[in-house]
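The values are calculated or read from the model by the stated rules, or taken from the named source; none is laboratory data. Every value quoted in this text rests on a predicted model; they were computed, and no experiment measured them. Backbone-built Cβ (ideal geometry, glycine too); neighbour counts: all protein chains shown.
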Amino acid sequence: MLLQLRSRSVLAVDDPEKIPPPLAEPAENGLDQAPRRAKVLVVDDQRLIADTVAEILTNAGFEAVAAYDGWQALEIASRFRPNWLLSDVLMPRMNGVELAVTLRQKDPRMAILLFSGQAGISEILLEGQRRGYEFELIAKPIHPLKLIERLKQE
């Protein structure tokens with residue numbers, strides 16, 4: 001049995017004829033010419049949502065990692081260096097706007113998309129605006145295809 005690593009999964013193949021082609025052929029100069037996958041940090045205190053969205057994005061060609069609160073997201077972001085932050089607004093310990101402001105200060109180029117299924121988040125968003133930050137907000141539940149389309153726009 002041969003094993004081939006593909007993205008974040010391992011494909012077990014009994015017949016070498018069934019091995020799919022590699023994701024990208026290395027260039028003659030030894031440098032990989034495959035386009036880089038956008039990195040997305042998905043943050044939601046509801047683990048099922050964070051994990052599901054990260055898995056959907058990974059399957060759509062993004063490199064996605066889930067975090068379950070703002071503090072954990074900060075730690076992960078320092079190593080993962082995401083291109084995108086996709087975060088719930090209402091979370092314990094550190095809300096999504098506080099997280100977004102902190103990450104924007106560290107990396108002004110990071111694209112940020114906040115989501116919420118709760119009414120009453122306007123005061124949290126206003127606090128970010130008072131500090132000079134505005135973030136795009138989308139409503140939960142998020143349709144996976146619309147989310148993927150939105151992330152691919154940048």
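The table below gives the values:
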{"quantity": "Residue among R109, R150 that is assigned to a helix (DSSP H, G or I) and closer than 22 Å to R37 by Cβ", "calculated": "R150"}
{"quantity": "Any hit, the range 54-64, residues being within 23 Å of L125 (Cβ to Cβ), at pLDDT 95 or above and of a type in the set (A, V, I, L, M)", "calculated": "no"}
{"quantity": "Conditions (1) in contact with a Lys or Arg (Cβ under 9 Å, 6 or more places away or on another chain); (2) assigned to a helix (DSSP H, G or I): number failed by G61", "calculated": "(2)"}
{"quantity": "Residue within the range 66-87 that is free of Cβ contacts under 8 Å to residues at least 24 places away in the same chain, of a type in the set (A, V, I, L, M, F, W, C) and not in a strand (DSSP E or B) present", "calculated": "yes"}
{"quantity": "Hits in the range 124-154 (condition: of a type in the set (V, I, T) and modelled with pLDDT of 90 or more)", "calculated": "I148"}
{"quantity": "Qualifying residue in the range 36-45 (condition: in contact (Cβ under 8 Å) with a residue 24 or more places away in the chain, part of a helix (DSSP H, G or I) and crowded, with 22+ Cβ neighbours inside 10 Å)", "calculated": "no"}
{"quantity": "Conditions (1) crowded, with 18+ Cβ neighbours inside 10 Å; (2) at pLDDT 95 or above: number failed by W71", "calculated": "(1)"}
{"quantity": "Any pair with Cβ under 7 angstrom, 6 or more apart, that starts in the range 130-154 at a residue that is of a type in the set (G, A, S) and ends at one that is assigned to a loop (DSSP other than H, G, I, E, B)", "calculated": "A139/G117"}
{"quantity": "Contacts under 9 angstrom Cβ, first residue in the range 102-122 being of a type in the set (A, V, I, L, M) and at pLDDT 95 or above, partner assigned to a loop (DSSP other than H, G, I, E, B) and exposed (fewer than 11 other Cβ atoms within 10 Å of the Cβ), 6 or more apart", "calculated": "A111/E154"}
